[in-house]
Structure formats: C-alpha cells, structure tokens
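S.K.: Here it is, the structure in full.
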C-alpha cells in the first residue's frame with residue numbers, strides 16, 4: 001500500500017515553477033485582452049485578438065491547471081471530441097442568425 | 001495525472017494507449033480516480049449548458065437590427081474623476097485568475113500531503129471567489145439602478161438584459177457553490193480528514209487528497225467559463 005502511494009506521488013506532483021509560469025502567463029494574457037478594449041481596436045483585428053487570447057488562456061488552464069496535459073489520451077479525447085458538436089452548433093446558428101437578420105432588414109425596408 | 005503504471009503493468013502512451021485502454025474490457029480511464037472521471041463528465045455537460053447560453057446570445061445579438069449596447073461604456077466605472085472602460089470586469093477577471101492559481105497550488109501541496117499550505121491556499125481561493133461574487137453583486141445592482149431589465153434597457157437592444165442576467169447569473173451561481181465547497185474543504189483539510197482517510201457525509205469513500213484535485217477541477221472550470229464570457233460578452 002505504501003509502495004503504491006509513493007509511486008502515485010511521483011506521477012502526481014509537478015514542480016511549483018510550472019504553475020507559477022502558467023499563472024503569470026494568464027495574468028499577462030488577461031492584461032493583453034483588456035488592452036484590446038482599452039485601445040478600442042475595431043473590426044477583424046479586435047475579434048481575432050479576442051479569440052486568440054481567449055483560446056490561449058483556455059488552453060493553458062485546461063492543459064496545466066486542470067492537468068489534461070498529463071492525462072491519458074482515453075480521458076482527453078472523451079472530453080475534447082464532444083466540442084466538435086458545439087462547433088457544428090455554432091456554425092448552424094451563425095447561418096441562422098444571418099438569415100434572420102436578412103429577413104428582418106428585407107421586410108422592414110420592402111414591407112410585408 | 002494518471003498513473004502510468006497500474007499493478008505492475010506499464011500502460012502505453014498516446015493514441016495506441018488510448019485504443020488499448022478503450023478496448024481492454026476493463027475500466028476505461030485507467031489510473032484515474034472515479035470521482036475525478038465523474039467530475040470531468042459533469043464539467044463536460046456543464047460545458048454544453050454554457051455553450052447553449054453563449055450560442056443563443058450570439059444568435060440574439062446577431063439577429064437584432066437595433067444597436068447592441070457598448071459593453072465598455074456600460075461596464076465602465078467612474079473613478080477619481082476619470083471614466084475607465086470595463087474596469088470592474090477587468091478586476092473581476094484578475095481576481096478569478098488569482099484564485100485559480102492558488103487553487104492549482106493547493107492541489108499540488110495536497111498531493112505532497114502538506115496540510116497547512118493546502119488548507120491556507122484553499123482558504124485564499126475561497127476568499128478570492130467571495131470577492132468575485134461580491135463584485136458581481138455590485139455590478140448587478142449598479143445595472144439594475146441604471147434601469148437594465150431582462151426586457152428593456154436604456155443603452156440599446158432589449159435582449160441585452162436577459163442575456164446578461166442569465167449568463168452572468170448562471171456563472172455567479174457556479175462561483176457561489178464553489179465558494180461554499182471551498183470553505184467546507186478548507187475546514188476538512190485543516191481538520192486532517194484527508195490525512196486520516198475520514199469518510200465524507202454522503203459517501204463510503206475514504207478521504208484522500210484526490211478530492212482537492214476534484215474540487216480544483218470544478219474551480220478551474222468556473223475560471224475557464226469566465227474566460228469565454230469575458231471574451232464574448234464583455235469584449236466582443
């Protein structure tokens with residue numbers, strides 16, 4: 001029993017440095033994403049910067065704080081593949097809202 | 001952080017390891033505590049709920065022909081005679097990231113069986129979460145005073161209010177429950193329940209520091225959701 005516990009400890013703790021690095025990076029990235037609003041970037045530049053910092057932050061939190069980087073692929077893949085369903089849903093709803101806003105503009109201008 | 005060696009058998013890494021784990025006719029998540037696997041499944045379902053909220057927000061905002069309220073003005077604060085855009089939200093983001101970092105360290109010290117450090121860090125996390133909820137309550141009351149309702153608001157498209165209260169409210173509820181459990185777990189850590197293997201209230205499972213990691217998963221998820229809310233609701 002004590003033997004397995006020791007073995008478990010080897011695999012479950014990491015050096016404090018990695019957590020502090022990720023922590024610091026998250027602060028820096030949050031600061032940058034706040035700067036996007038501060039300098040009032042607009043249009044494609046704004047949206048791509050927001051998405052870039054968002055995915056970087058989310059990835060760092062999931063990989064290191066939630067330990068997914070060290071988990072076995074059986075768990076990682078069970079968690080990440082369902083996200084493709086969400087991506088599909090987003091794609092469907094984007095085309096849906098484009099259609100809705102088109103019909104609204106059309107009928108407000110042309111009339112029923 | 002699964003154990004790569006189980007009962008003397010070396011597990012294969014990577015995709016071939018995944019195929020072997022899945023096809024082994026045994027437990028699929030090898031070396032993963034069942035509580036942790038169940039927390040992950042719960043978080044996955046929670047991901048879908050929050051995604052549905054954010055996607056319906058996207059659809060609502062995209063299909064309205066009235067101008068959407070400018071978030072950096074609506075959530076700006078007037079401090080020391082200057083208007084600072086989005087100040088409160090930026091502070092909330094930093095508070096939540098701080099508490100996420102202390103939680104990650106608490107998990108690490110828990111596995112090193114360092115009771116004191118682990119307990120204090122969980123307590124620090126709980127206080128960070130409490131600060132966050134307090135600031136959210138301030139933000140809500142400020143907006144309600146300014147006349148934001150789920151059906152109307154003075155800034156622009158009327159859908160803004162309902163999406164705001166629904167999304168941040170649901171997230172705030174998650175934070176609140178997280179804070180309650182953080183206080184309970186801080187007590188349990190200081191009381192030494194995880195060193196002695198004391199059983200919990202509704203379970204026959206013996207107390208172990210893996211519970212801190214499970215709690216940590218939930219707390220990091222709350223932070224993760226905030227990353228998306230911050231990007232899509234406040235910055236976009």
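S.K.: Given a cut-off of under 8 Å on Cα pairs at least six residues apart, what relative contact order in percent is computed for chain A?
M.R.: 20 percent.
S.K.: Who wins for biggest fluctuation among B:11, B:224, B:54 in a Gaussian network model of chain B, springs between alpha carbons below 10 Å?
M.R.: B:11
S.K.: Follow-up question, since we're still on this one. Against the longest alpha carbon principal axis of chain B, how many degrees, from 0 to 90 and to the nearest 10, is the axis of helix B:159-190 turned?
M.R.: Long axis of B:159-190 versus the principal axis of chain B: about 30 degrees.
S.K.: Next question, about the same structure. Over segment B:169-236, what per residue volume does the convex hull of the Cα atoms give, in whole Å³?
M.R.: Normalising the Cα hull of segment B:169-236 by residue number yields 84 Å³.
S.K.: Sticking with this structure for a sec: Roughly how far apart, in whole Å, are the Cα centres of segment B:136-186 and segment B:29-95?
M.R.: When both Cα centres are located, 11 Å separates them.
S.K.: Given a 10 angstrom Cα cut-off, can you work out which residue in B:131, B:203, B:102 is the most mobile in a GNM of chain B?
M.R.: In this elastic network of chain B, the residue with the biggest mean-square fluctuation among B:131, B:203, B:102 is B:203.
S.K.: Quick one: check the C-alpha center-to-center distance for segment A:43-63 versus segment A:79-109, whole angstrom.
M.R.: So the two Cα centres are separated by 21 Å.
S.K.: At each listed q (0.13, 0.16, 0.17 Å⁻¹), what is the log10 of I(q)/I(0) that the Debye formula gives for segment B:33-235 modelled as equal alpha-carbon point scatterers?
M.R.: Evaluating at q = 0.13, 0.16, 0.17 Å⁻¹ gives log10 I(q)/I(0) of -0.76, -1.01, -1.10.
S.K.: Further, regarding this structure: Please report, for the Cα atoms of segment B:69-180, the Rg to one decimal and the Dmax as a whole number; what are they, in angstrom?
M.R.: 17.1, 54
S.K.: If Rh is defined by the Kirkwood formula over all Cα pairs and Rg also comes from Cα, what ratio Rg/Rh do you get for segment A:46-112?
M.R.: That ratio is 1.25, to two decimals.
S.K.: Considering only A:53, A:102, A:41, give the residue with the highest GNM mean-square fluctuation for chain A, with springs between Cα atoms whenever their separation is below 10 Å.
M.R.: A:102
S.K.: Also, I was wondering about something else. Provide Rg over Rh for the protein assembly as shown; use the alpha carbon set for both Rg and the Kirkwood Rh (inverse mean inverse pair distance).
M.R.: We get a ratio of 1.01 for the protein assembly as shown.
S.K.: How high is the relative contact order of chain B, given as a whole-number percent (alpha carbon pairs under 8 Å, six or more residues apart)?
M.R.: 23
S.K.: Then there is this: Per-residue Cβ counts within 10 Å, from other chains only, averaged over A:74-83: what number is that?
M.R.: Average neighbour count from other chains, rounded to a whole number: 6.
Computed from the coordinates by the stated procedures, all read-outs in this text should not be read as laboratory data. Predicted model only: the values in this text are computed from it and were never measured. Please note: Cβ atoms are built from the backbone with ideal geometry, for glycine as well, and neighbour counts cover all protein chains shown.
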